[in-house]
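Asker: Sharing a structure, written as C-alpha cells. Questions coming.
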Amino acid sequence: MTCPCNHKSLASLLLLLLCGFVLGTNNVINSKNFNELSERKNEKSKTSDSKKSEKSEKSENSNKSKNSHTQKSERSNKSKNSPAHYEVIIGGAGTAGIAVAHTLQREAGINNYAILEGKDDIGGRMKAVKFGTSEEEENQGGFSIETGSNYISGGVLNPFYCQMMKLKKEMKGYNQEWKIRVNDESGKKILGDFDEDWKYDWDEYGEPKNAAQRMVRAHGNAGWYARHCLQKKSGAVVSKWCNGLCNINVTQLLGDGMGIDDLKVTNRTVCNKQGEFLPGDHADMSITDIMRLDGYFAQNDKNGTCVARVIEYAWLDIEMGRAPWEVSAKHWLNGGTFSGEFGEEKDFLVFDDRSYLFLLKAKASKVLDTSKNTDNEIVIKDNRLLLNKKITKIYWDPDGETDVIVTYCNTKKLNEYSFPCTNDSRYNVTTGDFVSTFSMGVLKNSLELELSSNSMNSDDIAPMFYPPLSSVGLIKKTLDNTEMGSLIKVFMQFKCKFWEDKELFFTPYSKDGFQCDYAPTFFSLDGEKGHKGSKILSLITSGNRAQDLSKPENQEPEMIYKQFLPVLNTHFKEGISTCLADEGLNRTELTKEDMIDFFIPDWFNDPLVRGCWLSKPNGASAEEHAKFLAKGPRFGNLVFSGEATCKRHTGWVHGGWFSGERSARILLKERKDGFENYDTQTLCDFKPNRTMIFDDDTCEWVPKSF
C-alpha cells in the first residue's frame, strides 16, 4: 500500500478526507478507503510515469538534477495550501530530532517543520528526575539523577562538552576518575583503582598482573582484529596476523543456559578448512571469543570466574547493553568517540540540577522559541514543537512523490515511561518528508506488529507504517539483524552511607540462574564532586538481568529488598556494621527499614524507547547494514535518523546529533533548489581530520567544504 494522497488528486481528496487534517478534528483512514486511493494512485502513476519517460528522453543530462529539484519544490509549494501541512515532519524530539530542526533552519532557513513528541518534554533518552530526600534547603525537592544519558564522552571537541564550557553558570559534575573496588564473591577486596590495578603498560607489553590488566590488554588487541580482519569486505587483502583467529574455536550457549558457565567451546572456527582467514560477511565471532585470542576468558581466569566476569561487565556488558558472548565482534568498535578525534579526552559525569538535557535545550533554543531562557532554566515553547502528540501511523510513499500522512493521538502521562493515548481520537497532518528518529527498539516492535496476527490496538505499542516496513527488503533485513540493548539503573537511598569513597564497586553474586552477574556493579552518587551527603547508591545492570528487573513483579518493594539487601550485606559488611552502630542500632546487617526509597527507570518497557541503544548480535550481516546506511538511510519520503544510524558513534548522545544533521543535509540536497551539490557529511561517516573541521564558536563539526 502507498499513501492515499497524490498531487493531482489532492484537491478532490480534500473534500472527502482532508477536512479532518485541521488539528483537533477526528479523522480515521480505514483500510477500504486506503486501498481504493492506492489504486487511483497506481493508475495515475502509470500515466505520470509515461509522461516522465517522454520528458526524460527530451531532457539533457546537465539539466536532470535541476529539473528534479524544481519539480520537488513545486510539489512542496502545492502541498502548502493543504491544512496542517509542513515541509518536514520530525518524529521524536530527542537529540536527533532537535538536530534535524536545528540544521534545516540554521543551514537553509527552513522553518516550516513540525516535531511530534509523545512525551511532555524534549530529550528522548536524556532524562533526569528528582529523587530522594535531603535536610539541605537546596535539595529539598530531592537530588537530580540522570536516568538515561549521563556522560559527556570523548573529549573537549564533543559538541555537548563544548556547549557545556560556554555556559555562564558552571555545570556541576566531574570527569570520571575510575576509583574502583573489585570484590570476590565473599565480599573480600581483590583489586582497587584503575591507576593502581587496571592500567596496563603497553610500551613494556609484559605479562598482565591480574584479571583487570588481562581484560584491558585483550580488549585492545581484540579491537585490532575486529577492525583489520572481521570488518574487512569479501576479497579484501588482510594481514597475515588475521590467521590468528583460526586458533579460536568459538563458543556457544548450551540448552537454556544464559551465563558465563554455560558457554561451551565448539569445534568450529571462522576460518576455512585450510586454516586461512578469509574476510566476508560470513566471518564473525562474539566479543567473548575475540577476547580469548589474547587469553582472556572469564570462565577460567586465574583470579576466579566471578572476579573476571564483573570486570568485563563494566567494559563490555554496560557499554553494549548485552552479554559479550551475544554481541558481534564484526560490528564492534566502529566508533571514533574515544579514538582521540575529540581532542583532550574527557568523560564528564553530569550531576547538575539543570540536568544533561539543559545542553540540548540550549541548542534547541537557537531555532525554537522559548518562554523562559535563563542560566538556570530553559523552557521551549514553540508552535512547531508538538508535545504530548504520539505518532500512531505513517502513510508514506517509497517513490517520494506523494505527501506523507502522519496520524497521532494526544497523550497523558502515567509515569516517566508511560504516555498512552488519552482516548480514541486521532488527528492527521501532512508533509513532504517524514524523518523518523524512533529507536531501533520501537521500529522492531513496529515490524513485529506487522508480521503478527494480533488484532489488539497497536497505538500504545508502536507506530504502524503504510506501506509496512516488512514490504521493503532492506529495511526488514536491517531490523531482523538488529537488537536493542538493555540497561537498568536501580537508585537506592539509605539512612546512612555504608560504602567507602569510591565511584564503582564490582560485586559478583550468583542467584536465580545469573552466574556472577546478578548485581554486578554499584555506582556511588554520594561523592565530593557528586551529590555529597545524598546517601544514594545505584545498581547498574544490562542485558538479560536488566530485562529481568524490568518485570513489574521484580520492582515491587518487597522484591527490591529481597533481591538487593543480601548482596549489599555480603559486599559492604564492614561499612554497614559501622554505619548501623553510628545510628545506635544493635545489628550488623541492613534491613528494609534502612532503605529510604528506590527508583527504577524503565526504558525497556517504555513504548517510545524499548531499550537503551543499538546492539548487533553475533552473526548479523554487515553488508546489509552498510547498504541500509548508504541510503541515508532514506526510502522515498521516509528518512531514518537517530544514534543507531550513526555508525561511528552508535549509542552516544552526540551520535544522535550527528545523525540528525546528516538527515537534514540529505533532505536539503535532494529536495531544495540551490543545494544540489551540498555536502551531507557528518562525523557519522568520516574521521574529522579528513573532511571535517570543528567550529569552536558554534560547537559544531562541519564539512571543510562549508
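Asker: Just how far, in whole angstrom, is the stretch 539-578 from the stretch 252-324 if you go by their alpha carbon centroids?
Answerer: What the calculation gives is 27 Å, centre to centre.
Asker: Could you compute the net charge surrounding ASP201? Neighbours are other residues with a C-beta less than 11 Å from the C-beta of ASP201; K and R count +1, D and E count -1.
Answerer: Details: positive: LYS199, LYS209, ARG217; negative: ASP203, GLU204, GLU207.
Once all neighbours under 11 Å are counted, the net charge is 0.
Asker: Let me ask something else about it. Just to verify a number: FRET efficiency for TYR174 and VAL129, C-beta to C-beta distance, R0 = 25 Å, to 0.05?
Answerer: On the way: r = 21 Å, r/R0 = 0.83.
For TYR174 and VAL129, the calculated efficiency is 0.75.
Asker: I'd like to check one number: the per residue accessible area of the chain, probe 1.4 Å, reported in Å² as a whole number. All intermediate terms of the calculation are to be shown ahead of the outcome.
Answerer: Details: 29840 Å² over 706 residues.
Roughly 42 Å² per residue, with all protein chains present.
Asker: Express in Å², to the nearest 10, the accessible area of SER371 obtained by rolling a 1.4 Å probe over the protein heavy atoms while all chains stay in place.
Answerer: 80 Å²
Asker: Roughly to the nearest percent, how much of the accessible area of the stretch 188-333 is carbon and sulfur, given a 1.4 Å probe? Write out the running numbers ahead of the final one.
Answerer: On the way: 3140 of 6830 Å².
C and S fraction of accessible area: 46 percent.
Asker: By how many nm would the segment from VAL156 to GLU107 grow when fully extended, if each residue of separation counts as 0.36 nm and the alpha-carbon distance is taken off? Write down the numbers at each step before the final one.
Answerer: On the way: separation 49, 0.36 × 49 = 17.64 nm, distance 2.40 nm.
Stretched fully, the VAL156-GLU107 segment lengthens by 15.2 nm.
Asker: Then there's this: Quick check: with the 1.4 Å probe, what order do MET164, MET258 take by accessible area, largest first? All intermediate terms of the calculation are to be shown ahead of the outcome.
Answerer: Values: MET164 10, MET258 65 Å².
Solvent-accessible surface, decreasing: MET258, MET164.
Asker: Modelled label-to-label distance, ASP696 and SER452, 7 Å Cα→beta-carbon offset: nm?
Answerer: 5.3 nm
Asker: Just add up the charged neighbours of GLN213: K/R +1, D/E -1, any other residue whose Cβ is under 10 Å from the Cβ of GLN213.
Answerer: Numbers: positive: LYS199, LYS209, ARG214, ARG217; negative: ASP197, ASP201, GLU207.
After counting each charged neighbour, the total is +1.
Asker: Within the set LYS489/LYS562; LYS199/LYS592; LYS119/LYS704; LYS199/LYS273, which residue pairs have Cα atoms separated by over 28 Å?
Answerer: Details: LYS489/LYS562 17 Å; LYS199/LYS592 38 Å; LYS119/LYS704 37 Å; LYS199/LYS273 39 Å.
Pairs exceeding the cut-off: LYS199/LYS592; LYS119/LYS704; LYS199/LYS273.
Asker: Also: Identify, among MET164, PHE143, LEU104, the residue whose Cα sits farthest towards the positive end of the charge dipole of the stretch 94-248, taking +1 on the Cβ of Lys and Arg and -1 on the Cβ of Asp and Glu, with the dipole about the Cα centre.
Answerer: The one lying farthest along the dipole's positive direction is LEU104.
Asker: Between SER371 and ALA626, with labels modelled 7 Å along Cα→Cβ, what's the label distance in nm to one decimal, could you check?
Answerer: Distance between the two pseudo-spin positions: 5.0 nm.
Asker: Given the -39500 (n - 2.57) contribution per DSSP H run of 4+ residues, what per-residue ellipticity at 222 nm results for the chain, rounded to the nearest 500 deg cm²/dmol? Intermediate results must be reported in sequence, preceding the final value.
Answerer: Working: 17 runs with 193 residues, N = 706.
Helix-only estimate at 222 nm: -8500 deg cm²/dmol.
Asker: Hey, another quick one. Within the stretch 371-419, what whole-number % of the accessible surface is contributed by carbon and sulfur, with the 1.4 Å probe and all protein chains included in the calculation? Numbers along the way, then the final one.
Answerer: On the way: 860 of 2020 Å².
Reported share for carbon and sulfur atoms: 42 percent.
Asker: I would also like to ask the following. Just in the stretch 500-547: which trypsin sites (Lys or Arg not before Pro) are loop by DSSP and have at most 15 other Cβ atoms within 10 Å?
Answerer: Details: sites: LYS502, LYS511, LYS529, LYS532, LYS535, ARG545; in loops: LYS502, LYS529, LYS532, LYS535.
Filter output for the stretch 500-547: LYS529, LYS532.
Asker: For GLU196 paired with ALA236, estimate the spin-label separation in nm (one decimal), with each label point 7 Å from Cα along the Cα-to-Cβ line.
Answerer: Those two pseudo-labels are separated by 4.2 nm.
Asker: In the stretch 524-563, which GluC sites (Glu not before Pro) are in a loop and have at most 16 other Cβ atoms within 10 Å, using DSSP for the loop call?
Answerer: Working: sites: GLU528, GLU553, GLU558; in loops: GLU528.
For GluC sites (Glu not before Pro) across the stretch 524-563 that sit outside H, G, I, E and B with at most 16 neighbouring Cβ atoms in 10 Å, the list reads GLU528.
Asker: If you put +1 on each Lys and Arg Cβ and -1 on each Asp and Glu Cβ, how big is the dipole of the stretch 416-472 around its Cα centre, in Debye rounded to 20? If you can, show how the numbers build up before the last one.
Answerer: Values: 2 positive and 7 negative charges, 22 e Å.
Roughly 100 debye for the stretch 416-472.
Asker: Considering only the other residues whose Cβ falls under 15 Å of the Cβ of TYR151, what net charge follows from Lys and Arg at +1 and Asp and Glu at -1?
Answerer: Details: positive: ARG125, LYS127, LYS172, LYS346, LYS489, LYS529; negative: GLU146, GLU177, GLU319, GLU345, ASP347, ASP352, GLU503, GLU643.
So the surrounding residues net to -2.
Asker: What aspartates and glutamates could a cross-link reach from LYS372, if we take a straight Cα to Cα line under 18 Å and drop same-chain neighbours fewer than 8 places away?
Answerer: ASP120, ASP121, ASP353, ASP382
Asker: Going through the stretch 158-264, which chymotrypsin sites (Phe, Trp or Tyr not before Pro) have at most 10 other Cβ atoms within 10 Å and a DSSP loop state?
Answerer: Numbers: sites: PHE160, TYR161, TYR174, TRP178, PHE194, TRP198, TYR200, TRP202, TYR205, TRP224, TYR225, TRP241; in loops: TRP178, TYR200, TRP202, TYR205.
Those satisfying the criteria are TRP202, TYR205.
Asker: Given a cut-off of 29 Å, name the pairs among LYS551/LYS616; LYS361/LYS672; LYS361/LYS532; LYS169/LYS647; LYS209/LYS233 whose C-alpha atoms lie farther apart than that in the structure shown. Spell out each step's value before the answer.
Answerer: On the way: LYS551/LYS616 24 Å; LYS361/LYS672 27 Å; LYS361/LYS532 27 Å; LYS169/LYS647 34 Å; LYS209/LYS233 37 Å.
Beyond 29 Å: LYS169/LYS647; LYS209/LYS233.
The values are calculated or read from the model by the stated rules, or taken from the named source; none is laboratory data. What you see is a predicted model; the values in this text were computed from it and never measured. Reconstructed Cβ throughout: ideal geometry from the backbone, glycine too, with neighbour counts over all protein chains shown. Side chains are part of the model used for accessible areas, which takes the heavy atoms of the whole protein and leaves out ligands, DNA and RNA. Shrake-Rupley method; radii C 1.70, N 1.55, O 1.52, S 1.80 Å.
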